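Heads up, the thing below is written out as structure tokens.
The values are calculated or read from the model by the stated rules, or taken from the named source; none is laboratory data. These numbers were taken from a predicted model, which means no experiment stands behind them. Note: ideal-geometry Cβ built from the backbone for every residue, glycine included; neighbour counts use all protein chains shown. To get the accessible areas, we keep the full protein, side chains included, count just its heavy atoms, and leave off ligands, DNA and RNA. Shrake-Rupley method; radii C 1.70, N 1.55, O 1.52, S 1.80 Å.
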Amino acid sequence: MKSPRLGTSVAALVALDLGICLLVASEFLPASVLPRMAADLGVSEGTAGLAVAATAIAGAVTAPSIAMVLPKADRRLVLVGLLLVAAVSDLAVALAPGFLVVLLSRLILGVAIAGYWSFAFVAGVHALPGRERLVSTSLSVGVSVATIVAVPLASIGADTAGWRVVFGVAAAFTLVSLVFLVLVFPPVPAHPSAGLTMMRSALRNPLLIAGLVMIVLGVLGNFVAYPYIRLAIMRVAPGDSAWLLFAWGLGGLLGNLTAGALATRLRLASAVAPLLLAVSLAVTAYAAGVPVLAAGVIVWGLAFSMMPVVTQLWVATAEREHTESAMSLQVTAFQTAITVGSAVGGAFVDDHGVAATLVLGAVCALLSGIGFAVLRPS
């Protein structure tokens, strides 16, 4: 029988995962509802894709600074506050009269996502001491649940009830996760050196900085293409969007488990993930039929979903003494890449089409894989 302490710790981890699941679902919702959102707001599909970029811009700026603003705050209270901010953002998008309000609301969501990601790993390890691999894999499983369940359902919901209803439902579920976190998660005191001192120490680590550059390249490769995944699917199989998005998410779940299994071989795992991503993007770009397209989409989901797990453990290994700051820099790397990738992808998809956009992403991912093959995480 599980001890009460273990049962409480598992419940805390589930609550943490539910929060990240809903935040990531909210971040990726524009990709699921893109055609209808663009038509309703009177903008091009490339412009509507900037709703993803807006979220990432705020995240890139706030991830390394939020711990400096709140150096001594209980990390549980910070996580709760960030979920509340995300719920307000989703509700604002649901009620937005125009695209400008959508962009501003998505900026607010970026603050919530970046802060939550920055603190979630350290808070999870506090609840389950010595279980870093479990915490990292579990958080990424929460991401996969978002892509397996929320993203395809959002696509269906946008076609049936409307994209605004989808964002309203996301706001309601985020409030539920907030209450759950309050009920089961233990207090998490801040590290004594949290804030500017810890960040300065982390930034003096050249290995960490090199790894962050590779993370930017790999994530850039994905997000040049991901906001337009539905357009890529519709080019070959216009009636199969929902189940192929589900397949992408299923591949993501397999990627989480694969990354967890390879976590003890970080150099291999960190190189394999972006290299697989490069291959899958190229296959998806030039797929001539549904079977090949499905294979490309599934491997795409698998490859990208390996990256949060392996890179989180990679930076934690490269910077063991200042993990909270290393996590925030990893988030900054992710969000910077999402920002640049979405903007570049938007320009490419409007000017050159979906296939060229996916090929550009494949090149970025290839460079990331080569870089990680050279670097040693410790």
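Which residue, of Leu250, Leu217, is at pLDDT 90 or above and under 16 Å from the mean Cα position of the chain (by Cα)?
From the options Leu250, Leu217, the qualifying one is Leu217.
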Of all residues in region 289-304 being aliphatic (A, V, I, L, M) and open to solvent by 10 Å² or more (accessible area, probe 1.4 Å), the one that is farthest from Phe334 (Cα to Cα): Val290
Please enumerate the residues belonging to region 30-46 that are surrounded by fewer than 24 Cβ atoms within 10 Å (Cβ to Cβ) and not basic (Lys, Arg). Pro35, Ala38, Ala39, Asp40, Leu41, Gly42, Val43, Ser44, Glu45, Gly46
For Leu6, indicate whether it is at pLDDT 75 or above and either assigned to a helix (DSSP H, G or I) or surrounded by fewer than 24 Cβ atoms within 10 Å (Cβ to Cβ) (or both). no
So Asn222 passes all but one of these: (1) closer than 27 Å to Ile57 by Cβ; (2) at pLDDT 90 or above; (3) more than 20 Å from the chain's Cα centre (by Cα). Which condition number does it fail? (3)
Of those in region 159-172 that are among the β-branched types (Val, Ile, Thr) and touching a residue at least 24 places away in the same chain (Cβ under 8 Å), the residue surrounded by the fewest Cβ atoms within 10 Å (Cβ to Cβ) is Val165
Which listed residue is at negative phi, crowded, with 18+ Cβ neighbours inside 10 Å and in contact with a Pro (Cβ under 9 Å, 6 or more places away or on another chain), from Gly19, Gly49, Gly110: Gly49
For region 150-158, does any single residue satisfy the condition of being open to solvent by less than 30 Å² (accessible area, probe 1.4 Å), over 26 Å from Pro227 (Cβ atoms) and either of a type in the set (S, T, N, Q) or part of a helix (DSSP H, G or I) (or both)? no
Residue satisfying condition, being open to solvent by 20 Å² or more (accessible area, probe 1.4 Å), more than 13 Å from the chain's Cα centre (by Cα), over 13 Å from Trp117 (Cβ atoms) and modelled with pLDDT of 85 or more, within set Val14, Val61, Val69: Val14
Given the options Val101, Val78, name the one that is touching a residue at least 24 places away in the same chain (Cβ under 8 Å) and of a type outside the set (Gly, Ala, Ser). Val78
If you go through region 259-271, how many residues are assigned to a helix (DSSP H, G or I) and open to solvent by 50 Å² or more (accessible area, probe 1.4 Å)? 3
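Does region 120-144 hold any residues that are of a type in the set (Lys, Arg) and outside any helix (DSSP H, G or I), and which are they?
Once the filter is applied, which keeps residues that are of a type in the set (Lys, Arg) and outside any helix (DSSP H, G or I), region 120-144 yields only Arg131.
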So, in region 74-99, how many residues would count as being open to solvent by 30 Å² or more (accessible area, probe 1.4 Å) and in a loop (DSSP other than H, G, I, E, B)? 3
Yes or no: Gly124 in contact with a Leu (Cβ under 8 Å, 6 or more places away or on another chain), over 25 Å from Gly341 (Cβ atoms) and either charged (D, E, K, R) or buried (at least 24 other Cβ atoms within 10 Å of the Cβ) (or both)? yes
Taking region 132-149 only, how many residues are open to solvent by less than 10 Å² (accessible area, probe 1.4 Å) and out of contact with any Pro (no Cβ under 7 Å at 6 or more places or on another chain)? 7
Counting just the residues of region 336-378 that are open to solvent by 10 Å² or more (accessible area, probe 1.4 Å) and polar (S, T, N, Q), which one comes out nearest to Ala263 (Cα to Cα)? Ser378
